[in-house]
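Colleague: Sharing a structure below in structure tokens format, with a few things to ask.
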């Protein structure tokens with residue numbers, strides 16, 4: 001699965017492989033930051049492609065935890081739609097939509113925000129515990 005831009009690829013297996021490499025080479029705790037993808041152009045609040053992306057990458061992290069990789073945490077890119085250097089406000093990476101034409105910049109949670117909140121609260125993902133001991 002590719003995201004809507006050709007430079008963004010869906011490769012959760014690569015994340016698990018990288019985390020195991022870090023464990024084997026350095027054996028240090030890892031904090032994963034800025035992990036996410038942009039909306040497909042036809043998606044709005046029901047960003048199913050991002051939910052799939054997050055599910056796959058969080059599953060890879062859960063598997064890496066079973067491999068005894070010291071994952072301390074994960075943050076999604078991005079909490080809200082924002083200004084991207086090459087594309088301005090036209091690409092949407094946020095799990096919350098921002099209405100940039102509204103002076104108050106109204107924010108609305110997307111489906112991915114609900115998915116991510118549920119995983120964070122339950123510390124479970126499809127039967128895998130993602131409760132890190134690190």
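Colleague: In the range 19-46, what residues are under 24 Å from residue 85 (Cβ atoms) and more than 14 Å from the chain's Cα centre (by Cα)?
Modeller: Answer for the range 19-46, where residues must be under 24 Å from residue 85 (Cβ atoms) and more than 14 Å from the chain's Cα centre (by Cα): 40, 41, 42, 43, 44.
Colleague: What's the number of the condition residue 81 fails, among (1) surrounded by 16 or more Cβ atoms within 10 Å (Cβ to Cβ); (2) at pLDDT 90 or above; (3) under 18 Å from residue 10 (Cα atoms)?
Modeller: The failed condition is (3).
Colleague: A further question on this structure: Say we look at the range 108-118 and pick out the residues that are surrounded by 18 or more Cβ atoms within 10 Å (Cβ to Cβ) and in contact (Cβ under 8 Å) with a residue 60 or more places away in the chain; which of these is farthest from residue 48 (Cα to Cα)?
Modeller: Per the stated criteria, the residue is 116.
Colleague: Which count do you get for residues in the range 97-107 that are exposed (fewer than 13 other Cβ atoms within 10 Å of the Cβ) and in contact with a strand residue (DSSP E or B) (Cβ under 8 Å, 6 or more places away or on another chain)?
Modeller: 3
Colleague: Can you pull out every residue in the range 7-32 that is at pLDDT 95 or above, outside any loop (DSSP other than H, G, I, E, B) and surrounded by fewer than 16 Cβ atoms within 10 Å (Cβ to Cβ)?
Modeller: Of everything in the range 7-32, those that are at pLDDT 95 or above, outside any loop (DSSP other than H, G, I, E, B) and surrounded by fewer than 16 Cβ atoms within 10 Å (Cβ to Cβ) turn out to be 13, 14, 17, 20, 21, 24, 25, 31.
Colleague: Still on this model: When you go through (1) surrounded by 13 or more Cβ atoms within 10 Å (Cβ to Cβ); (2) over 18 Å from residue 131 (Cα atoms); (3) more than 13 Å from the chain's Cα centre (by Cα) one by one for residue 70, which number turns out not to apply?
Modeller: (2)
Colleague: Quick test for you: out of 94, 36, pick the one residue that is in contact with a helix residue (DSSP H, G or I) (Cβ under 9 Å, 6 or more places away or on another chain), at pLDDT below 95 and closer than 22 Å to residue 123 by Cα.
Modeller: The match here is 36.
Colleague: Can you confirm whether residue 58 is within 25 Å of residue 14 (Cα to Cα) and either out of contact with any strand residue (DSSP E or B) (no Cβ under 6 Å at 6 or more places or on another chain) or surrounded by fewer than 15 Cβ atoms within 10 Å (Cβ to Cβ) (or both)?
Modeller: No; evaluated as a whole, the condition is false for this residue.
Colleague: Separate question: Any residue at all in the range 84-95 that's assigned to a loop (DSSP other than H, G, I, E, B), surrounded by 11 or more Cβ atoms within 10 Å (Cβ to Cβ), free of Cβ contacts under 8 Å to residues at least 12 places away in the same chain and within 17 Å of the chain's Cα centre (by Cα)?
Modeller: Checked against the condition, which is being assigned to a loop (DSSP other than H, G, I, E, B), surrounded by 11 or more Cβ atoms within 10 Å (Cβ to Cβ), free of Cβ contacts under 8 Å to residues at least 12 places away in the same chain and within 17 Å of the chain's Cα centre (by Cα), the range 84-95 yields no hits at all.
Colleague: A follow-up question, please. Identify, please: which residue in the range 106-134 is part of a loop (DSSP other than H, G, I, E, B) and at pLDDT 95 or above and is, among those, nearest to residue 23 (Cα to Cα)?
Modeller: This residue is 110.
Colleague: Hey, another quick one. State yes or no: is residue 49 assigned to a loop (DSSP other than H, G, I, E, B) and modelled with pLDDT under 95?
Modeller: Criteria not met by residue 49.
The values are calculated or read from the model by the stated rules, or taken from the named source; none is laboratory data. Nothing here was measured: the structure is a model prediction, and the numbers come from that model. In this analysis, Cβ positions are derived from the backbone assuming ideal geometry, glycine residues included, and neighbour counts consider all displayed protein chains.
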